[in-house]
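Student: Let me begin by handing over the structure; questions about it come next.
The values are calculated or read from the model by the stated rules, or taken from the named source; none is laboratory data. Just so you know, these numbers come straight off a predicted model, no measurement behind them. Virtual Cβ from ideal backbone geometry, glycine too; neighbours counted across all protein chains shown.
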């Protein structure tokens with residue numbers, strides 16, 4: 001088990017150093033920005049995989065937790081003038097607290113109920129935000145609603161890299177986001193291959209036996225939900241800090257499905273799947289940009305095709321290939 | 001007094017629409033443990049189908065309504081033939097089918113957007129005018145919705161309890177292997193159930209669009225209400241979904257009247273959470289919920 | 001006339017674990033046959049494989065003079081009726097609805113009342129409970145619904161798995177009395193029963209299953225004369 005953690009951490013560090021070299025190689029601001037987007041969604045996908053693939057909680061409320069992180073940064077900055085640097089951990093904590101409440105309300109229930117309730121709760125928050133009519137203050141001559149209404153928040157203070165690095169400010173932002181991705185991914189490795197992951201597997205394989213050994217299923221599910229909410233919220237906060245905006249478009253169904261596609265394509269129940277899936281989906285959408293408005297059609301198609309034909313995703317496929325390879329090798333050695 | 005009458009009329013109208021939207025969803029889950037995330041888009045497809053039949057083909061509104069319903073059924077059949085059929089009896093079906101139908105949903109919604117654009121067309125399949133009943137002015141369309149809703153729901157209730165076809169659906173839902181031992185072709189039953197659910201969703205879509213407007217994502221809000229109704233009733237409880245739909249319609253009408261439309265959904269969800277804390281399998285659900 | 005059911009070299013199991021090994025036997029068109037033998041040696045698996053609930057791995061099954069169809073529902077429609085272990089009733093339906101489901105595969109013109117009358121004649125208790133949901137019935141009553149539901153199909157072969165399982169001795173008597181009456185009509189019935197003494201006076205043909213094969217076959221007289229063999233396998 002410890003070997004598992006070590007191998008994955010070493011792999012993660014290699015990835016981290018490769019990504020850390022990217023700004024030196026990638027000059028274009030556009031490409032660097034795309035890589036930032038990749039790191040953000042990959043981090044959300046990694047956490048979703050911990051929650052659904054390993055803890056067995058199928059939440060459709062991940063973008064709500066993401067938005068809570070983003071809105072916390074936006075609101076504390078707009079109303080209280082708090083720096084995004086300080087607001088990021090606050091956003092992660094608020095998302096985790098929200099997860100405690102949602103978890104207590106739903107996680108005792110069966111799988112389909114959890115999915116539907118988390119989906120309904122996100123939608124409810126979305127509706128409450130966009131139907132807000134009263135102005136809270138006026139900002140720059142415009143009406144600023146408390147939760148931002150349909151237009152959300154913009155002009156969040158920048159992270160300070162513009163002053164420090166001038167034209168290369170985006171490199172600063174890139175390293176900040178890379179740091180958060182690394183944190184999120186490292187945490188997921190430790191959970192998946194550590195004692196918590198072992199408990200999740202025990203609960204999934206034999207719920208009755210695990211319960212008899214004193215494992216409290218609901219408690220572990222809530223722990224997993226709060227854990228993934230913390231890092232999802234943190235990533236959302238980083239999103240708001242980088243783009244300097246937060247708005248109701250974060251709740252778009254297509255965004256939720258875009259990230260779900262990353263998890264499915266990469267493979268639930270794996271460790272590296274979501275990262276690979278995120279890279280593939282980002283690449284696919286990039287190609288789709290040249291082919292007209294087919295992004296959503298493609299996301300839908302990819303999801304359906306993978307669930308029907310390859311429900312274990314690319315990680316499952318590679319597992320099968322490796323085990324077949326090993327089998328043929330063993331057979332060769334035997335003969 | 002007039003206020004109460006007003007609330008009852010609009011509550012029953014809402015309830016009839018919610019019932020149309022949720023009964024098919026409950027039937028699908030009850031029979032095959034499949035929760036259809038594309039249900040809201042099915043509603044939109046039914047609504048656009050009726051719109052197309054009336055506005056472009058110039059059919060009379062009754063035929064156009066029928067067209068919307070039939071189109072919903074066709075989409076249900078296609079969903080079964082192209083996707084669901086291949087996933088039956090696979091591992092983690094309940095979760096995978098949620099994901100797959102969510103994918104189908106975004107695919108079809110995008111298709112509607114490409115075909116009709118985002119322009120909020122008015123639904124031509126509706127009856128104009130108002131009538132006065134007991135000092136309250138009621139749109140004729142509300143009565144039409146009540147009529148269509150109660151007719152279709154009664155037809156479904158009758159079919160499920162009084163015909164051999166309905167008996168076979170309920171038998172498959174209760175015990176699939178035993179139903180097959182009686183000679184029921186379970187795969188065909190699943191196809192039939194998805195067609196019925198699609199038709200009901202189509203009807204719901206036409207009705208919903210008749211009191212608002214058409215848009216590719218018009219089904220999202222009513223579908224989420226239908227999800228909530230099914231969860232409160234207990235997933236798979238068809239009768240329970242109908243009763244819960246009416247009750248929530250009335251409650252929502254009262255909330256809208258006294259507090260404001262914005263809080264209809266939040267209060268509904270608060271109610272759901274309270275219900276589920278007390279009864280984890282829903283009001284009418286009996287199935288086991290994994291407890292710790 | 002050809003045999004009603006003829007099985008040759010049938011193998012089956014669960015997952016990768018084989019349970020039935022090359023089972024061969026045949027049944028005539030009339031009379032009660034019994035499969036006896038200790039629990040966990042493939043009796044139920046054999047019935048499930050015959051009705052199609054378990055996939056057969058290899059071997060041939062001929063039913064009513066033709067190779068048996070593939071699917072469970074097609075076999076039921078061909079007249080092979082399986083009353084499974086543990087009843088497997090439609091719990092939220094009434095007694096009448098359960099019985100009506102039994103006749104689901106019958107042709108359109110079939111009058112359910114005829115079938116109801118036959119079942120209620122055999123199990124008068126069910127007539128009193130006809131409008132009750134089966135979830136509210138006792139274990140014995142449920143067993144009666146299960147057998148009645150099988151009768152409603154009007155099939156060519158009625159296979160009943162452990163009709164006495166989990167019932168009190170007095171109720172077992174009632175169930176076997178009913179089976180005896182049913183047998184007197186000349187129907188073809190195949191009963192699975194662990195305890196041969198219960199079925200001894202009902203059946204006329206016996207198959208002793210052990211370790212997934214038939215170790216001994218014979219008629220009532222042969223069974224009485226072979227108490228040593230039976231004792232070896234059943235410890236009785």
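Student: Against the conditions (1) at the interface with chain A (Cβ under 8 Å from one of its Cβ atoms); (2) surrounded by fewer than 17 Cβ atoms within 10 Å (Cβ to Cβ); (3) in contact with a helix residue (DSSP H, G or I) (Cβ under 9 Å, 6 or more places away or on another chain), where does residue B:133 fall short? Just the number, please.
Tutor: (1)
Student: (1) more than 17 Å from the chain's Cα centre (by Cα); (2) outside any loop (DSSP other than H, G, I, E, B): which one isn't true of residue A:274, the others all being true?
Tutor: For residue A:274, the failing item is (1).
Student: Continuing with the same structure: Among A:105, A:87, which is in contact with a helix residue (DSSP H, G or I) (Cβ under 8 Å, 6 or more places away or on another chain), part of a helix (DSSP H, G or I), farther than 22 Å from residue B:222 by Cβ and at pLDDT below 90?
Tutor: A:105
Student: If you don't mind, there's one more thing I want to ask. Which condition does residue A:151 not pass, out of (1) within 11 Å of chain B (Cβ to nearest Cβ); (2) outside any helix (DSSP H, G or I); (3) surrounded by 13 or more Cβ atoms within 10 Å (Cβ to Cβ), if it passes all the others?
Tutor: Of everything listed in (1) within 11 Å of chain B (Cβ to nearest Cβ); (2) outside any helix (DSSP H, G or I); (3) surrounded by 13 or more Cβ atoms within 10 Å (Cβ to Cβ), residue A:151 misses just condition (1).
Student: Next question, about the same structure. Go through A:8, A:3 for me and flag whichever is in a helix (DSSP H, G or I), buried (at least 16 other Cβ atoms within 10 Å of the Cβ) and at pLDDT below 90.
Tutor: A:8
Student: Hey, does segment A:312-328 have a residue that's assigned to a helix (DSSP H, G or I), in contact (Cβ under 8 Å) with a residue 24 or more places away in the chain and within 26 Å of residue B:108 (Cα to Cα)?
Tutor: Yes - at least one qualifying residue is present in segment A:312-328.
Student: Continuing with this model, one more query. Hey, among the residues in segment B:261-287 that are facing chain A (nearest Cβ under 9 Å) and not in a helix (DSSP H, G or I), which one's surrounded by the fewest Cβ atoms within 10 Å (Cβ to Cβ)?
Tutor: Per the criteria, the residue is B:287.
Student: Is it the case that some residue within segment A:110-126 is outside any helix (DSSP H, G or I), modelled with pLDDT under 85 and either within 11 Å of chain B (Cβ to nearest Cβ) or farther than 29 Å from residue B:217 by Cα (or both)?
Tutor: Yes, because at least one residue in segment A:110-126 is outside any helix (DSSP H, G or I), modelled with pLDDT under 85 and either within 11 Å of chain B (Cβ to nearest Cβ) or farther than 29 Å from residue B:217 by Cα (or both).
Student: Under the condition of being part of a helix (DSSP H, G or I) and within 7 Å of another protein chain (Cβ to nearest Cβ), which residue from segment B:171-192 is surrounded by the fewest Cβ atoms within 10 Å (Cβ to Cβ)?
Tutor: Ranking the candidates gives B:177 first.
Student: From the list C:58, C:12, C:6, C:26, which one is part of a strand (DSSP E or B), without any contact (Cβ under 8 Å) to a residue 40 or more places away in the chain and farther than 30 Å from residue C:140 by Cα?
Tutor: C:26
Student: Right, residue A:58: surrounded by 15 or more Cβ atoms within 10 Å (Cβ to Cβ), modelled with pLDDT of 90 or more and over 22 Å from residue A:238 (Cα atoms) or not?
Tutor: Yes: the conditions hold for residue A:58.
Student: Looking only at segment B:227-248, decide whether some residue is without any contact (Cβ under 8 Å) to a residue 24 or more places away in the chain, surrounded by fewer than 20 Cβ atoms within 10 Å (Cβ to Cβ) and either assigned to a helix (DSSP H, G or I) or more than 15 Å from the chain's Cα centre (by Cα) (or both).
Tutor: no
Student: I've got another one for you. Considering each residue of segment A:295-311, count those that are under 12 Å from residue B:96 (Cβ atoms), more than 7 Å from chain B (Cβ to nearest Cβ) and free of Cβ contacts under 8 Å to residues at least 40 places away in the same chain, and give that number.
Tutor: Residues meeting the conditions: 2.
Residue-by-condition table, conditions (1) within 9 Å of another protein chain (Cβ to nearest Cβ); (2) surrounded by fewer than 20 Cβ atoms within 10 Å (Cβ to Cβ); (3) modelled with pLDDT under 95; (4) not in a helix (DSSP H, G or I):
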{"residue": "B:70", "(1), (2), (3), (4)": "no, yes, no, no"}
{"residue": "B:74", "(1), (2), (3), (4)": "no, yes, no, no"}
{"residue": "B:82", "(1), (2), (3), (4)": "yes, yes, no, no"}
{"residue": "B:91", "(1), (2), (3), (4)": "yes, yes, yes, yes"}
{"residue": "B:98", "(1), (2), (3), (4)": "yes, no, yes, no"}
{"residue": "B:104", "(1), (2), (3), (4)": "yes, no, no, no"}
{"residue": "B:121", "(1), (2), (3), (4)": "no, yes, yes, yes"}
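Student: Follow-up question, since we're still on this one. Give A:210, A:240 a once-over and let me know the one that is free of Cβ contacts under 8 Å to residues at least 24 places away in the same chain, buried (at least 18 other Cβ atoms within 10 Å of the Cβ) and in a helix (DSSP H, G or I).
Tutor: A:210
Student: Are any residues in segment C:133-168 farther than 25 Å from residue B:183 by Cβ and over 18 Å from the mean Cα position of the chain (by Cα), and if so, which ones?
Tutor: Matches in segment C:133-168: C:136, C:138, C:168.
Student: Got a sec? Which of A:268, A:260, A:256 is within 10 Å of chain B (Cβ to nearest Cβ), under 28 Å from residue B:97 (Cα atoms), part of a loop (DSSP other than H, G, I, E, B) and touching a helix residue (DSSP H, G or I) at 6+ places or on another chain (Cβ under 7 Å)?
Tutor: A:268
Student: Taking the condition of being surrounded by fewer than 19 Cβ atoms within 10 Å (Cβ to Cβ) and either touching a strand residue (DSSP E or B) at 6+ places or on another chain (Cβ under 8 Å) or in a helix (DSSP H, G or I) (or both), how many residues in segment A:128-144 meet it?
Tutor: Residues meeting the conditions: 11.
Student: On to the next question. Restricting to segment C:68-91, and then to whatever is in contact with a helix residue (DSSP H, G or I) (Cβ under 6 Å, 6 or more places away or on another chain), surrounded by fewer than 22 Cβ atoms within 10 Å (Cβ to Cβ) and closer than 17 Å to residue B:175 by Cβ, can you tell me which residue is nearest to the other protein chains (Cβ to nearest Cβ)?
Tutor: C:88
Student: Taking segment C:43-55 as the region of interest, how many residues are surrounded by 18 or more Cβ atoms within 10 Å (Cβ to Cβ) and closer than 20 Å to residue B:183 by Cβ?
Tutor: 8
Student: Could you check how many residues of segment C:118-132 are surrounded by fewer than 19 Cβ atoms within 10 Å (Cβ to Cβ) and not in a helix (DSSP H, G or I)?
Tutor: Total meeting the criteria: 3.
Student: Which strands (runs of 3 or more DSSP E) sit wholly inside segment C:133-212 and have at least 2 residues that are surrounded by fewer than 20 Cβ atoms within 10 Å (Cβ to Cβ) and modelled with pLDDT under 95?
Tutor: Those strands (runs of 3 or more DSSP E) span C:205-210.
Student: Something else now. Among the listed residues C:65, C:31, C:40, identify the single one that is over 20 Å from residue B:182 (Cα atoms) and free of Cβ contacts under 8 Å to residues at least 60 places away in the same chain.
Tutor: Exactly one residue qualifies, and that residue is C:40.
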